[in-house]
There are 2 protein chains.
Amino acid sequence: MVERQRDAERTRTELLDVATEEFAENGYSGARVDEIAARTRTTKRMIYYYFGGKEQLYLAVLERAYAEIRAAERTVDVDHLDPVAAVRRLAEVTFDHHEAHPAFIKLVGVENAQHAKHMNHVARLVDLNSSAVDLLRGVLDRGRAEGTFRDDVDALDVHMMISSFCFFRVANRHTWGALFDRDLLDESRRGHYRTMLGDLVTGYLRK
Amino acid sequence: MVERQRDAERTRTELLDVATEEFAENGYSGARVDEIAARTRTTKRMIYYYFGGKEQLYLAVLERAYAEIRAAERTVDVDHLDPVAAVRRLAEVTFDHHEAHPAFIKLVGVENAQHAKHMNHVARLVDLNSSAVDLLRGVLDRGRAEGTFRDDVDALDVHMMISSFCFFRVANRHTWGALFDRDLLDESRRGHYRTMLGDLVTGYLRK
DNA sequence: CATCTAATGTACGAACTGGTACGTTAGTTA
DNA sequence: TAACTAACGTACCAGTTCGTACATTAGATG
């Protein structure tokens, strides 16, 4: 055995990284504690030392995944764009995020499969997410005041419209490949789908 | 022990019914063969007798679930409607189907989690599904010829647009309930979302 | 440099879980 | 009604998997 080096932070982070992949790929019950440990430079013992157990590790993974994606979203500056362009920009950012974070999408699926029972224990997640919708709500208000947007639309509905398109494309990639012989993530169609989403949303919003 | 009655068909069907729920609810690895058997009037032995094993049982479940939903779709008659109304009708049928078959939606998620590796062994599924898109393609052609629809739209893309909205609403119900305190399946919002989808799709298609 | 503790490694057990060997019986058929 | 087979039940095994008891050590602290 090579002489070990101690680095609590590194060990914790490494466990989280590997666990994220493992849980995303295999689901909660499908994920193997031994497998996670084997793919790190530490041992299974450390999962229990740092997190307490499989479930708490999963919780930590989930929290970090959401925190990362919402933090990135908040960096978007839409105030200098006109409402139509701003909505399109937000849709594009969501589109790009989903594509860049397949593990996150899978974790959302895993959590829904469990009726979001773990999520309820992480109050911080609610704040994180509602702030993302607030951004969109502001743009919609601006568009309404300006007269460009219809005034019967709800921000959360628009957020769902955008999310569903982006989510589906990543989440159902494999069944679509098998059933329709179409790779929804094929690079050559990326621009097409990105534009399509923008058209869809702005088309729906316009008076 | 009560005297047993023999009924091969009933036993098979009962196993499939229970297995559908079990796999949908717990995923492939999360599903328990013992649990499935316990919830039927027969024993675990019969799973191996009729299907061969856990994996083949899952395959049978998947195939039947897709067959059911596509069969229902084919009953829709759109030829007597004008293209716009026909598209709206197709969207509504898909919407209703997704809502009425949550187990099916979950199975799609489960299968994607496994990179659709089982689906590839069921050639029949491909035919089933492509025929559903053919129906839509016909309507789009008609609308184009008529001059109502734009002529740069692909039927598969429209199908995805519709599916993603319907799928998301059911699949991500729980995380949305937790994060945004909104029950996407709440009965009071059902009509709203159904209309919204129709508006969205027809709005996108119109010239 | 002696001491102490956070951090780490090893070995193992108890429960679970998919699968099977083997025996039994309901209902059909000659 | 005797013989036969599809249908079914019981008991058990072997591998897996989460979790833990216990031993060890790197590096900080005084």
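The values are calculated or read from the model by the stated rules, or taken from the named source; none is laboratory data. Everything numeric here is computed off the predicted structure, so don't read it as measured data. Note: ideal-geometry Cβ built from the backbone for every residue, glycine included; neighbour counts use all protein chains shown. For accessibility, only protein heavy atoms count, side chains too; no ligands or nucleic acids. Shrake-Rupley method; radii C 1.70, N 1.55, O 1.52, S 1.80 Å.
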*Can you tell which of B:67, B:8, B:24 lies farthest toward the positive end of the dipole of chain B, using +1 and -1 charges on the Cβ of basic and acidic side chains (Lys, Arg; Asp, Glu)?*
B:8
*Give the nm distances, rounded to one decimal, from residue A:148 to the matching residue in every other copy, measuring between label points 7 Å along Cα toward the beta carbon; shortest first.*
3.0
*What quantity of accessible surface, computed with a 1.4 Å probe and excluding non-protein components, is buried in total between chains B and A, in Å² to the nearest 100?*
4300
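Mind putting a number on the dipole of the protein assembly as shown about its Cα centre? Charges go on the C-beta only, +1 for Lys and Arg and -1 for Asp and Glu, and I need it in Debye to the nearest 20.
Values: 60 positive and 68 negative charges, 154 e Å.
Charge dipole, the protein assembly as shown, about its Cα centre: 740 debye, nearest 20.
Using a 1.4 Å probe over the heavy atoms of the protein chains, calculate the carbon and sulfur portion of the accessible area of the stretch B:62-205 as a whole percent.
Values: 2720 of 5630 Å².
The C+S portion of the solvent-accessible surface of the stretch B:62-205 is 48 percent.
Using helices alone, I'd like the mean residue ellipticity at 222 nm for chain B: each DSSP H run of four-plus residues gives -39500 (n - 2.57), total over residue count, nearest 500. Mind showing how you got there, number by number?
Numbers: 10 runs with 155 residues, N = 207.
Taken over chain B, the calculation gives -24500 deg cm²/dmol.
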_Calculated Rg and Dmax of the stretch B:23-65 using C-alpha coordinates, Å_ = 9.8, 24
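For chain B, with only Lys/Arg (+1) and Asp/Glu (-1) charged at the beta-carbon, what is the dipole magnitude about the Cα centre, in debye rounded to 20? Can you show the working numbers first?
On the way: 30 positive and 34 negative charges, 77 e Å.
Computed charge dipole of chain B: roughly 380 debye.
Can you tell me the convex hull volume per residue for the stretch A:141-207, based on C-alpha atoms, in Å³ to the nearest whole number?
Numbers: hull volume 6.1 nm³, N = 67.
Expressed per residue, the convex hull around the Cα atoms of the stretch A:141-207 is 91 Å³.
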*State, to one decimal in nm and shortest first, how far the label point of residue B:33 sits from each corresponding label point in the other identical copies (label point: 7 angstrom along Cα-to-Cβ).*
2.4
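Which loop-located trypsin sites (Lys or Arg not before Pro) does the stretch B:90-159 contain, where loop means any DSSP state but H, G, I, E or B and the Cβ has at most 16 other Cβ atoms within 10 Å? Mind showing how you got there, number by number?
Working: sites: B:106, B:117, B:124, B:137, B:142, B:144, B:150; in loops: B:117, B:150.
Sites meeting the loop and neighbour criteria: B:117, B:150.
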*In Å³ and rounded to a whole number, note down the convex hull volume per residue for the Cα atoms of the protein assembly as shown.*
184
*In the stretch A:172-187, what residues drop by 20 Å² or more in accessible surface going from the chain by itself to the full protein assembly, probe 1.4 Å?*
A:172, A:174, A:175, A:176, A:178, A:179, A:180, A:182
_Scattering curve values for the stretch A:62-205, log₁₀ I(q)/I(0), Debye with Cα scatterers, q = 0.11, 0.19, 0.22 Å⁻¹_ = -0.45, -1.21, -1.42
_Less than 11 Å Cβ to Cβ from residue A:164, Lys/Arg counted +1 and Asp/Glu -1: what total charge do the surrounding residues give?_
+1
*Starting from the Cα-Cα distance between residue B:151 and residue B:71, subtract it from 0.36 nm times their residue separation and give me the gain in nm to one decimal.*
25.9 nm
*Hits among aspartates and glutamates - C-alpha to C-alpha of residue A:207 under 12 Å, sequence gap 8 or more where chains match*: A:146, A:151, A:152
*asked:* Under 8 Å for C-alpha pairs, at least 6 residues apart: give me the relative contact order for chain A, rounded to a whole percent.
replied: 22
